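Visitor: Take this structure first; my questions come after.
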Amino acid sequence: YALLKAILDTKTTPRWNPELYDPKDIFADHMGRIYTCRLTKRQLLSLPHLRRVMHPDAKDGFFDQLKWPRAFQCGVLEGDHPPSNPLPRRWRDAISQQLAQKPFTVRSLVALVNAVPYAHISEPQFDKLMKSISELGFHLKGLKSADEASVIFIALSSLSVIRKDETLAKTLGILLRRHVLGLEHAIGVHMYFRTSLWLSRAFDSENDGLAWLADQIEHLAFADLNARDADMLTSEIEMTCRMSSQHWIPLSRARKALSMIPR
């Protein structure tokens with residue numbers, strides 16, 4: 001319930017992802033905020049005791065406690081703010097080098113996928129990503145597991161919502177249809193619905209997003225689902241509709257189709 005509610009809220013807080021948080025990250029978040037202050041309030045470093053503790057080479061100092069990248073992930077109250085810290089040079093270089101790899105496979109997305117929750121993706125890198133996905137023929141080549149596919153879909157879905165990019169959302173929707181059932185590393189019904197719901201939040205128009213989501217779910221509802229998957233999908237649809245009443249009518253046809261699957 002909490003995860004579905006968080007996905008629905010990504011319309012206003014696109015960078016906030018509760019799955020990336022656990023209790024120990026509260027400390028990392030605190031350290032990241034101190035680091036941001038160090039960059040923006042340099043006059044504080046004139047104080048001798050702070051300058052000593054904040055020096056990069058200080059033994060048992062601040063930088064020994066700073067954990068990248070967890071210290072720079074988005075907090076619950078800043079899910080619509082751009083990242084405060086620049087992407088480290090080594091990450092920028094890794095993203096550019098991997099996106100330029102030939103042939104392009106899912107291995108080429110590792111650095112970018114890891115950077116999405118923490119930093120801004122530049123326009124040249126985003127353009128290269130879109131071009132490379134189309135060159136893949138809407139098929140993620142080189143997958144080693146369904147979990148790996150899920151991580152990629154979650155990160156790129158988050159990127160599409162952050163950028164409010166309908167083109168990326170629709171492109172990922174096609175990829176989802178290819179990877180939901182039947183393939184060796186299929187992501188399964190739960191991840192398909194959750195990711196489609198996430199992508200629907202990338203549309204500027206709420207009605208357009210709902211119509212697109214309905215089409216995505218109907219595609220799966222009319223596929224060759226077993227009773228267990230149909231029940232799981234029905235449950236998640238109804239839970240979403242209870243949280244957001246505007247989903248009832250657009251998803252009614254999909255719910256009807258799922259009800260006709262033999263139990």
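The values are calculated or read from the model by the stated rules, or taken from the named source; none is laboratory data. These numbers come from a predicted model, not from an experiment. Please note: Cβ atoms are built from the backbone with ideal geometry, for glycine as well, and neighbour counts cover all protein chains shown.
Visitor: So the check is Cβ under 7 Å with 6+ separation or different chains; which pairs have a first residue in the range 228-239 that's under 15 Å from residue 256 (Cβ atoms) and a second one that's part of a helix (DSSP H, G or I) and among the aliphatic types (A, V, I, L, M)?
Guide: From the range 228-239, the pairs are 230/258; 233/189; 233/220; 233/258; 234/258; 237/217; 237/254.
Visitor: Going through the range 176-205 one residue at a time, which ones are assigned to a helix (DSSP H, G or I), free of Cβ contacts under 8 Å to residues at least 60 places away in the same chain and surrounded by 20 or more Cβ atoms within 10 Å (Cβ to Cβ)?
Guide: Matches in the range 176-205: 176, 179, 189, 192, 193, 195, 196, 199, 200.
Visitor: Being more than 30 Å from residue 258 (Cβ to Cβ), free of Cβ contacts under 8 Å to residues at least 12 places away in the same chain and over 16 Å from the mean Cα position of the chain (by Cα) is true for just one of 131, 141. Which residue is that?
Guide: Going through 131, 141 in turn, just one is more than 30 Å from residue 258 (Cβ to Cβ), free of Cβ contacts under 8 Å to residues at least 12 places away in the same chain and over 16 Å from the mean Cα position of the chain (by Cα): 131.
Visitor: Considering 43, 101, which residue is exposed (fewer than 14 other Cβ atoms within 10 Å of the Cβ), at pLDDT 75 or above, over 15 Å from residue 28 (Cα atoms) and touching a helix residue (DSSP H, G or I) at 6+ places or on another chain (Cβ under 6 Å)?
Guide: That would be 101, the only listed residue that is exposed (fewer than 14 other Cβ atoms within 10 Å of the Cβ), at pLDDT 75 or above, over 15 Å from residue 28 (Cα atoms) and touching a helix residue (DSSP H, G or I) at 6+ places or on another chain (Cβ under 6 Å).
Visitor: Also, I was wondering about something else. Residues being more than 12 Å from residue 133 (Cβ to Cβ) and out of contact with any helix residue (DSSP H, G or I) (no Cβ under 8 Å at 6 or more places or on another chain): count how many of those fall in the range 151-177.
Guide: Summing the residues that are more than 12 Å from residue 133 (Cβ to Cβ) and out of contact with any helix residue (DSSP H, G or I) (no Cβ under 8 Å at 6 or more places or on another chain) in the range 151-177 gives 2.
Visitor: Something else about it: In the range 237-256, which residues are in a helix (DSSP H, G or I) and crowded, with 19+ Cβ neighbours inside 10 Å?
Guide: The answer is 237, 240, 247, 254.
Visitor: Now, a different point. What are the pairs, 6+ residues apart or on separate chains, where a residue within the range 206-217 that is over 13 Å from residue 11 (Cβ atoms) has its Cβ under 7 Å from a residue that is aromatic (Phe, Trp, Tyr)?
Guide: 212/203; 217/193
Visitor: How many of the residues making up the range 120-145 are in a loop (DSSP other than H, G, I, E, B) and touching a Lys or Arg at 6+ places or on another chain (Cβ under 9 Å)?
Guide: 6
Visitor: From the list 149, 221, 227, 214, which residue is surrounded by fewer than 16 Cβ atoms within 10 Å (Cβ to Cβ), of a type in the set (A, V, I, L, M) and either under 15 Å from the mean Cα position of the chain (by Cα) or over 20 Å from residue 107 (Cβ atoms) (or both)?
Guide: On inspection, the qualifying residue turns out to be 227.
Visitor: A further question on this structure: Filter the range 72-94 down to residues that are among the aliphatic types (A, V, I, L, M) and modelled with pLDDT under 75 and give me whichever is surrounded by the most Cβ atoms within 10 Å (Cβ to Cβ). I'd like the intermediate steps shown before the answer.
Guide: Quick first cut of the range 72-94, residues among the aliphatic types (A, V, I, L, M) only: 76-77, 87, 94.
Next, only the ones that are modelled with pLDDT under 75 stay: 76-77, 87.
Numbers: 76: 11, 77: 9, 87: 20.
It comes out as 87.
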